[in-house]
Structures are given as C-alpha cells and as structure tokens.
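*Asks:* Have a look at this one before I ask anything.
The values are calculated or read from the model by the stated rules, or taken from the named source; none is laboratory data. Since the structure is predicted, the reported quantities are computational estimates derived from the model, not experimental observations. A quick note on method: Cβ atoms are made from the backbone with ideal geometry, for glycine too, and the neighbour counts reach across all protein chains shown.
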Amino acid sequence: MALDCIHSAVDDHSRLADSDLHAGEKAATCAHFLRRAEAFFAASGIDRIEPVLTDNALPYRKSVAWRQALADLGAAGKLTRAYRPQTNGEVECFHRTLLDEPAYLRPSTSRTERTDALANFLHT
C-alpha cells in the first residue's frame, strides 16, 4: 500500500495555495496534479504558471509524463537546490502550516477523513 502524499502548489505572487492528497508520488500522479492545479489557478484568475519549482524527487527529474505536462502548459520546470528546502520556501512553509493546523493535529483513521480535513482547511 502506497503512503498518502500531499501535493501542493503555491503561487509566488498571491500566495494562493492548492493541495491534493494522492496515494504516492508517481510520475503520472505528479503530472495529473500539475494539470489540476493549473486549472484551479486559472479559475482563480492566475492564467500563467511559470516556472514550476519542485523538489528533486525522481518524477520531477526523469519523468516523461512530468515533462509532457510542463510542455502542455507552456511552462518550464525548475528544481530546488539539493539539501536546501528553503529554496522552495512557500510550499515548505505551507506544509508546516498543514501540520500545525487543527485538522492535522489529530491522527486520521482513514484516507477519506484526511482528504476531508485537507479540503476543509483549504476552503478556510
């Protein structure tokens, strides 16, 4: 069974954030999240995603699916410096906030419960 991973995107200018809970961090999952996040940002009036800054996980470095998703959006990919999480500070700070918020302070008993807690937090 794959571990749940929170995929997040934060607009550097507005600090608007979007997140989704997925089972794992496979290339197809990362590409799907990027496309879904782009639609979310477009619906919020942010019509250009450039560049897409990610950590150095394998799907962002080697995946054909990821490169195709970037190409489809007309965006360039940019990797953070190795062992320097502060390079990706907005998302790192957002993930820290997720850990500190009431929805994530207590353990979830199911994936559905985690997904609902994330959705409630993002809405708020």
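*Asks:* Hey, among LYS78, LYS26, which residue is under 26 Å from SER108 (Cα atoms) and either of a type in the set (Val, Ile, Thr) or out of contact with any Ser or Thr (no Cβ under 7 Å at 6 or more places or on another chain) (or both)?
*Replies:* Working: LYS78 fails: under 26 Å from SER108 (Cα atoms).
That would be LYS26, the only listed residue that is under 26 Å from SER108 (Cα atoms) and either of a type in the set (Val, Ile, Thr) or out of contact with any Ser or Thr (no Cβ under 7 Å at 6 or more places or on another chain) (or both).
*Asks:* Here's a follow-up. Pick from segment 24-70 the residues that are in contact (Cβ under 8 Å) with a residue 12 or more places away in the chain and among the acidic types (Asp, Glu): which of them is nearest to GLU90 (Cα to Cα)?
*Replies:* Only one residue fits best here, namely ASP55.
*Asks:* To continue, here is another question. Taking helices (runs of 4 or more DSSP H) that do not extend beyond segment 1-98, which have at least 3 residues that are of a type in the set (A, V, I, L, M, F, W, C) and farther than 25 Å from THR115 by Cα?
*Replies:* Those helices (runs of 4 or more DSSP H) span 64-73.
*Asks:* From the list THR97, THR87, THR29, pick out the single residue that is polar (S, T, N, Q) and touching a strand residue (DSSP E or B) at 6+ places or on another chain (Cβ under 6 Å). I'd like the intermediate steps shown before the answer.
*Replies:* Numbers: THR97 fails: touching a strand residue (DSSP E or B) at 6+ places or on another chain (Cβ under 6 Å); THR87 fails: touching a strand residue (DSSP E or B) at 6+ places or on another chain (Cβ under 6 Å).
Answer to the check: THR29.
*Asks:* All but one of (1) more than 23 Å from SER14 (Cα to Cα); (2) polar (S, T, N, Q); (3) at pLDDT below 80 hold for ASN56, so report the exception by its number.
*Replies:* (3)
*Asks:* Right, next: In the set ASP55, ASP18, ASP47, ASP11, which member is of a type in the set (D, E, K, R) and loosely packed, with under 15 Cβ neighbours inside 10 Å?
*Replies:* Details: ASP55 fails: loosely packed, with under 15 Cβ neighbours inside 10 Å; ASP18 fails: loosely packed, with under 15 Cβ neighbours inside 10 Å; ASP11 fails: loosely packed, with under 15 Cβ neighbours inside 10 Å.
Matching residue, one of ASP55, ASP18, ASP47, ASP11: ASP47.
*Asks:* Here's another thing I want to ask about it. For segment 11-32, which positions are over 12 Å from LEU122 (Cβ atoms) and under 9 Å from the mean Cα position of the chain (by Cα)?
*Replies:* The one that is over 12 Å from LEU122 (Cβ atoms) and under 9 Å from the mean Cα position of the chain (by Cα): CYS30.
*Asks:* Something else about it: Give all pairs with beta carbons closer than 6 Å in which a residue from segment 73-99 that is over 20 Å from PRO59 (Cα atoms) meets a residue that is surrounded by 15 or more Cβ atoms within 10 Å (Cβ to Cβ) and at pLDDT 75 or above; count only pairs at least 6 apart in sequence or on separate chains.
*Replies:* These pairs meet every condition: GLU90/VAL10; PHE94/SER8; PHE94/VAL10; PHE94/ALA17.
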